[in-house]
Structure formats: C-alpha cells, structure tokens
Amino acid sequence: MSESDSNWLDTAIDGLTQFDRNVTTLLDALNSEPTGRSQSLDEDITALEVSSSALCGSLGKLLEVVIPRIKISSKNEELENLRVAYRNYERLLASRDEKIRRLESDLSKAKDQALSQFESISWIGSTMGALLWKACKQRDSVRALVGTDNLQDFLPMANCVLDSYVASLNAGIGLSADSEDYKFMAAVFGTLVNLAAHPEGRQYLAGEVSALGFATNALSSVNLFRAPDGRWLRRMTLTYVYNICLEEAGVEFMMTDRGRLQGVVNCLSCGNAEDVLILAVNLLLMLIKAMPEARGKVALCQMIPKGTVKQLALRDKPELKEPAAYLLQLIEFDWMRAAGN
C-alpha cells in the first residue's frame, strides 16, 4: 500500500474515533438534567454533525481510492505469481525438449544398429539358406531332414521370413533381387520347393500346419510379388503348391479355402511370364479334376476368368496353349448336367 493510501486510512480511523467521542458526549447530555443544557446540547449535536460529515467524507474517499488500490495491488501480486509460474513452466518445457532430443538421438542410433544387425542376419540367412537349398536337391538329404527337429524349427522360421518380407512390400520398401532380404526369401522358397519335389518331403509338408501356412501366406501375397523380381517368387509359390497338391492332403487343403484358390487364379493375368502362366493353368486343371463334387468344380470354374483363358489358348507356345485350351473346355463343361446323368 502506498504512503498516500496509508494516510487516507489513518484519517478515516481518526474520524471514526472522533465520531465515537461525539456520540458519547451527546448521550451523556441527553441523560443529564435538561435545565441549563440546551445550549450545550446544541453544540454537541453540531459537533456530532461535523464529525459525521468528516467521517463520511473519509470513508467515501477510502472506498473510492484506497480499496480499489488494494484490489489492484492484490491483482498485481497474482499476476507476478503467474509470471513466475510461466517462467518455471518454460524452464520445464526446455528441459523436456532437451530430453526428447536426447531420446530421439538414442533412438536413431538404436535404429541404425538394429538395421545393421538385420542386414547381417539377412546376409547370414541368405548364405545358409542357399546351402540348404542346394542340399535339398538330393533325395538322400531330404530323407535325412524329414521328421527332424531341425526341419520343424525351419518351417516357423520360413513363415517369419515371409511375413517380414511381405510387411516390407506393404510398407512400400523396394526389395530388388540384389538385396539380402530378397536372397533370403528366395533361399527359403527354394528349400521348400526342393523338399516338396521329393515324395518323402511333400508327404511330410502336406501334413505340417506350418508348411501349409506358408503356402497360404504366399498365395495371399502373389499380387505383391511384382515383376521383374517378383516373377520368380510367383513361380516358386505355384511350384510349391503344385508339389504339395500331388498329395491328397494337399488337395484337400486347397479346396477348403476360397482365398487360396483365388491366389492361384490371380496368377492367370496375361501380364505374367509364360512360366508362371503354365504353372497356374496346370495347377487349376489338377484342382478341377480333383474336386470330388460337381458343385465344387462349378464353383472353381466360375472363379476363373474365361476371357483370359481364351487368350492364353491362342498363345504360340504349346506348353501354355494346350493346357489353356483344355482348361477352357472344363470351364465350359456342364458339370451339373453330367452329375445328374
């Protein structure tokens, strides 16, 4: 409170004290004998009016000037407290920003380290996978692997590699044939294809959930395997499924899911290489003929684009032209009437 405000307050207090004295004097006069007191009473009343007027003026000034200044002083104190709190908050934010920068730097270093480790793992995987791929060309090697813990461990790992590869493709990461990721994926595909190429291997794989799961994942991802590098992966997918379907359990596996059949149908696109088209046509022929019921044959035939098959039947290459023409006959055949007869 300023010195001026303090003086106004002292004046108001003095006025209040004088007013109290005058009231007391007036009461004493009223309680005494009336004779000879009229002049004195008038003087007391006059003094009381003067002190009352002074008191009212002091109180009015106090209300007009001192009280608002007290409020302003209180608001100024609150504002200063807010300024202090804001400065403390700014320091806290600066501290947190610095901590975030440190964490981002640590994360970047960890990311680079993880990427380096992943590339190393992919390189090791592609190298070891290539050795296993070549080893599985030999029937004796396949016989030695079937039923072992090593092969049982390899199958879930193959699914993990495929999942990782597909996730990279979905994320828009270009993986060329020169990348270690592609080589690792190719080695896994090649190993499974070679295993399924031998009777002991495909009999084992057709009964293994992980092996069939790999086929499902690969068929659902064929559209992601884009040319030119994806051509080989499409071919390996169809070869693997075709080999498995040489077993009755493999055929049943394909028949029980429309999505898997659609994956084969998707490979009929005329934009595919001829080796992929030949595999797709022959696999569909196998599946149609293996369907036990006419309804199943009709359902599968309806999934196959007739116009595309007609175009394939006009190709010059006999390995594609002849099975495509046969597939066209099966599509146009009235299976339900034949079943009725």
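Of the residues making up segment 176-226, those that are part of a loop (DSSP other than H, G, I, E, B) and either among the polar types (S, T, N, Q) or open to solvent by 10 Å² or more (accessible area, probe 1.4 Å) (or both) number 10.
Checked against the criterion of being buried (at least 17 other Cβ atoms within 10 Å of the Cβ) and modelled with pLDDT of 90 or more, the candidates L285, L314, L320 yield just one match: L320. One residue stands out among those in segment 259-269 that are small (G, A, S) and in a helix (DSSP H, G or I): the one that is surrounded by the fewest Cβ atoms within 10 Å (Cβ to Cβ), which is G259. Within the set L285, L300, the sole residue that is closer than 19 Å to N243 by Cα and touching a Leu at 6+ places or on another chain (Cβ under 9 Å) turns out to be L285. Here L107 passes the criteria (1) touching an Asp or Glu at 6+ places or on another chain (Cβ under 7 Å); (2) modelled with pLDDT of 70 or more except the one numbered (1). Restricting to segment 153-175, name every residue that is free of Cβ contacts under 8 Å to residues at least 40 places away in the same chain and in a helix (DSSP H, G or I). Selection gives D153, F154, M157, C160, V161, S164, Y165, A167, S168.
Would it be correct to say that I244 is free of Cβ contacts under 8 Å to residues at least 40 places away in the same chain and under 43 Å from the mean Cα position of the chain (by Cα)? Taking the combined requirement at face value, the residue does not satisfy it. Checking each residue in segment 227-258 for being farther than 30 Å from G172 by Cβ, part of a helix (DSSP H, G or I) and either in contact with a Ser or Thr (Cβ under 6 Å, 6 or more places away or on another chain) or open to solvent by 30 Å² or more (accessible area, probe 1.4 Å) (or both) picks out Y242, E248, A249, E252, M255. F214 falls short on exactly one of the conditions (1) farther than 21 Å from D257 by Cβ; (2) modelled with pLDDT of 90 or more; (3) of a type outside the set (G, A, S), and that condition is (1).
The condition of being loosely packed, with under 13 Cβ neighbours inside 10 Å and not aromatic (F, W, Y) holds for R337.
Here is a yes/no grid of residues against (1) without any contact (Cβ under 8 Å) to a residue 24 or more places away in the chain; (2) under 21 Å from L238 (Cα atoms):
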site	(1), (2)
V264	no, yes
V276	no, yes
L284	no, yes
V298	no, no
G307	yes, no
I331	no, yes
R337	yes, no
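Here the condition is being surrounded by 11 or more Cβ atoms within 10 Å (Cβ to Cβ), among the aromatic types (F, W, Y) and modelled with pLDDT of 60 or more; of F154, F118, it holds for F154 alone.
The values are calculated or read from the model by the stated rules, or taken from the named source; none is laboratory data. Since this is a predicted model, take the numbers as computed values, not measurements. All Cβ positions, even for glycine, are placed from backbone atoms using ideal geometry, and neighbour counts span all protein chains on display. Side chains are part of the model used for accessible areas, which takes the heavy atoms of the whole protein and leaves out ligands, DNA and RNA. Shrake-Rupley method; radii C 1.70, N 1.55, O 1.52, S 1.80 Å.
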